[in-house]
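Here the structure is laid out as structure tokens; the discussion comes afterwards.
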Amino acid sequence: MILSFLKTNKFTNFRFFLILIFLLAALPLTISLVQKRQEIRKEAASSSPPSATLGDYWQGKAAWKFLRKLTLANTGWSYGYGAGAHIEVINGVWYLFSRKVNWGDKPSYCPFLNETLGTEVRKSLDKGETWSQPVNIIIPQEGKPWECAATDGDAYYDSSRNKWHYLFQCLDRNNTWRGCHLEKDGPDPMSLFKETHANPVILAKQLWGKICNESSDDCVKIPGGVNRVFDEETWDIFHYDGTYFYVGFHGFDGTRGYRGIAKTPDFINWVAGDQNQGVPKDTVLDLYDTAGWRENWNSGGPIGFGAGSILFDNSYYYLLSEAPDINLACTDGQNWDWGIFRSQSLTNTSWEQFPAGNPILYSSKYSESDGQPLPCNPAYARLFKDPETNVIYLHYSRGSTDYNYDGIYIYQLVPSNNLLQNGDLWKCRAENWQKFPTGPTNLVVYRYPNFSSDGGCYLATNCGASSCQAGQSIYQDINVSNISSKNVTYGGKFATDGGTGVLNLAIFELDANFAIITSHQTTLNPTPTYQSVEKNLVLNDQTKTVRFQLYLNSPHTFKADEMFFETTVEPAPTLSLSPGWNEITWPDVSGKKASDVPVECPIAVVKENFWFKPYIRNFGGVNFNFEKGRIYYLKCNQAVIWQL
């Protein structure tokens, strides 16, 4: 985002030169730029946003940040790629495997399908921003176990053997789902996978029959008998220990869903239901594990679990899985939520629930089909990690009749010390937010992902009348008596349902007796497009409570999302030139070498933490407005500040 001073008539190269000299003159140049240039370049190339662990997330120290969506509108891809989707990262390349609907391919021997289904893959060299054209890796072929469908599988690259594995649901003219396996040599999966042994490798009940075989098993008690669970599907190859591949899958008893784990050395021979061999003897998840969830289930309650994804991170296995009601067949109006669990042992049949409560992903309540929300929405959620950066991501698929919102949504796990509870409305309830007792103020949280800023839920509020009374507002009080830093950043994203509104974001600093010490007011004029707001302040030493308050100064319906109030850590008071903390580089000027010193700009500073006391303001008629604790990137030949 460009921050300031694009007008060259107010910011000449000469003035920029003076500013940089001012910044650097008082700083000891403790290293030689020539000697350290190679180290600096290496550091710059490897720099990435701070990473967070799932353990941080478990402790409330990390959050999912929306990155981008791959929709029918912004990609132009053919419908169907959101189904069975999963991203694998190998050698810095992202590979997106997904379902391919073979439009118009309707063989007579597959009358139960509208079209045959295959599997394709795309690749991205820029972490999901742009993608290649798709390549078929599995094509339905008459006479094969996947002659009607090859979908909802998982890929795993075995680097020790330089080989890709693909385990998938296969369907032939007999209309029974089974498990099939194909392979491909080499690190690049962008071509057809090959059959190296007989398929299918898994028959109905082959795994569940070994798991659901004792009266004490949940998957025996729930359906009312042994060996009543079948349809091993939605494969997830999540771990390889050098001998065995560990695989997650779901099952179905005709009404309810289950999640299980098995292992295999070769995708032909399987071990299941034996905790002495390192796999659970019962289901990993079933309908008992939805007790206490934040959901108003339809009549009959939740029916268990379907698809899932496991990621190992810092001694724990984390399992993300879907939990619907009504049925597993995708029915308009049903709830279709996702929860997260963890365990240190794969033999465990009782996994720890997310301490802040499940679900963490909620089904849409927006009516799009005959007055009902679309089914299976969201679906195919997956956790994945970039092994080069250790950054953890989550993606899922949203359905919508609006092509601007139908597609794959990608999120990154980032560190967070947001002191606002439910600030990003991840709970999909108005929990933690209150109405100020003036006027008929409305406050509600909507599960309408198309109208949120991040594909989830959002808060909506209005005055409840054609005009607003003074003081109508919503708020949340924050205890700041024990925070580690008085330097804070706050803001959010705000919009209206229509027109341009007037909204006042107020921060009140309160003492131990709840008396106002001072306040900080920001007047906003939201429009139907979300506007991002971010401000900084230093709290008074006597401040014990902060009130984050939104005043409704026009009779619009306001939307709020991704709100935050976070502490920031003050860096060192000087700009050190030590390797690793900051970097020195030359501007990217065409025709010049990196070692050249451009006349118009003797030095540029990249990735610095600027901490000015006071800020540098009004130099040459330009308000620099550097903000405390923020990271900036100065590129002097363009006289532009970019915020990373």
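The values are calculated or read from the model by the stated rules, or taken from the named source; none is laboratory data. Note that the structure is predicted; figures quoted are calculated from it, not measured. No Cβ is skipped: glycine too gets one built from the backbone with ideal geometry, and neighbour counts run over all protein chains shown.
Take residue 250 and decide whether it is at pLDDT 95 or above and assigned to a strand (DSSP E or B).
yes
Restricting attention to the range 180-230, which residues are farther than 30 Å from residue 288 by Cα and buried (at least 17 other Cβ atoms within 10 Å of the Cβ)?
Correct list: 180, 181, 182, 184, 189, 190, 193, 199, 200, 201.
Do we have residue 529 as part of a loop (DSSP other than H, G, I, E, B) and within 24 Å of residue 63 (Cα to Cα) here?
Yes.
Does the range 211-225 contain at least one residue that is in contact (Cβ under 8 Å) with a residue 24 or more places away in the chain, in contact with a strand residue (DSSP E or B) (Cβ under 8 Å, 6 or more places away or on another chain) and closer than 30 Å to residue 157 by Cβ?
Within the range 211-225, one or more residues are in contact (Cβ under 8 Å) with a residue 24 or more places away in the chain, in contact with a strand residue (DSSP E or B) (Cβ under 8 Å, 6 or more places away or on another chain) and closer than 30 Å to residue 157 by Cβ.
This table checks each residue for (1) more than 22 Å from residue 84 (Cα to Cα); (2) buried (at least 24 other Cβ atoms within 10 Å of the Cβ).
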residue: 293; (1), (2): yes, no
residue: 299; (1), (2): yes, no
residue: 303; (1), (2): no, yes
residue: 311; (1), (2): no, no
residue: 315; (1), (2): yes, no
residue: 319; (1), (2): no, yes
residue: 322; (1), (2): no, yes
residue: 325; (1), (2): no, no
residue: 334; (1), (2): no, no
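State the number of residues belonging to the range 266-283 that are free of Cβ contacts under 8 Å to residues at least 12 places away in the same chain and under 17 Å from residue 317 (Cβ atoms).
Counting residues in the range 266-283 that are free of Cβ contacts under 8 Å to residues at least 12 places away in the same chain and under 17 Å from residue 317 (Cβ atoms) gives 0.
Looking at (1) at negative phi; (2) crowded, with 18+ Cβ neighbours inside 10 Å, find the lone condition where residue 127 falls short.
The one condition residue 127 does not meet is (1).
Take the residues of the range 199-208 that are out of contact with any His (no Cβ under 7 Å at 6 or more places or on another chain) and touching a residue at least 40 places away in the same chain (Cβ under 8 Å): which is nearest to residue 138 (Cα to Cα)?
200
Within the range 500-538, can you find the residues that are among the β-branched types (Val, Ile, Thr) and modelled with pLDDT of 95 or more?
500, 502, 507, 516, 517, 518, 522, 523, 527, 529, 533, listed by residue number.
In the range 402-443, which residues are among the β-branched types (Val, Ile, Thr) and over 30 Å from residue 80 (Cβ atoms)?
Answer for the range 402-443, where residues must be among the β-branched types (Val, Ile, Thr) and over 30 Å from residue 80 (Cβ atoms): 414, 438, 441.
Just to check your reading of the model, which residue among 119, 130 is over 15 Å from the mean Cα position of the chain (by Cα) and either in a loop (DSSP other than H, G, I, E, B) or at pLDDT below 95 (or both)?
Criteria check complete, one pass: 130.
Failed condition for residue 485, given (1) over 21 Å from residue 511 (Cα atoms); (2) touching a strand residue (DSSP E or B) at 6+ places or on another chain (Cβ under 6 Å), with all others met?
Among (1) over 21 Å from residue 511 (Cα atoms); (2) touching a strand residue (DSSP E or B) at 6+ places or on another chain (Cβ under 6 Å), residue 485 violates only (1).
Considering only residues that are of a type in the set (D, E, K, R) and buried (at least 18 other Cβ atoms within 10 Å of the Cβ), look in the range 399-449 and name the one that is farthest from residue 468 (Cα to Cα).
The extreme case among them is 406.
Do the conditions hold for residue 236, that is, is it among the acidic types (Asp, Glu), closer than 19 Å to residue 328 by Cα and either in contact with an Asp or Glu (Cβ under 6 Å, 6 or more places away or on another chain) or in a loop (DSSP other than H, G, I, E, B) (or both)?
The answer is yes for residue 236.
Take residue 477 and decide whether it is more than 29 Å from the chain's Cα centre (by Cα) and acidic (Asp, Glu).
It is false that residue 477 is more than 29 Å from the chain's Cα centre (by Cα) and acidic (Asp, Glu).
What residue, of 92, 80, 104, 76, is farther than 30 Å from residue 419 by Cβ and within 20 Å of the chain's Cα centre (by Cα)?
None of the other options fit; the residue is 92.
Could you tell me which residue of the range 148-175 is nearest to the chain's Cα centre (by Cα), considering only residues that are of a type outside the set (S, T, N, Q) and surrounded by fewer than 19 Cβ atoms within 10 Å (Cβ to Cβ)?
158
Can you tell me which residue among 493, 427 is in the same structural domain as residue 538 (by TED's automatic domain parsing) and under 18 Å from the mean Cα position of the chain (by Cα)?
Only one candidate passes the filter, namely 493.
When you go through (1) assigned to a strand (DSSP E or B); (2) surrounded by fewer than 17 Cβ atoms within 10 Å (Cβ to Cβ); (3) among the basic types (Lys, Arg) one by one for residue 106, which number turns out not to apply?
(1)
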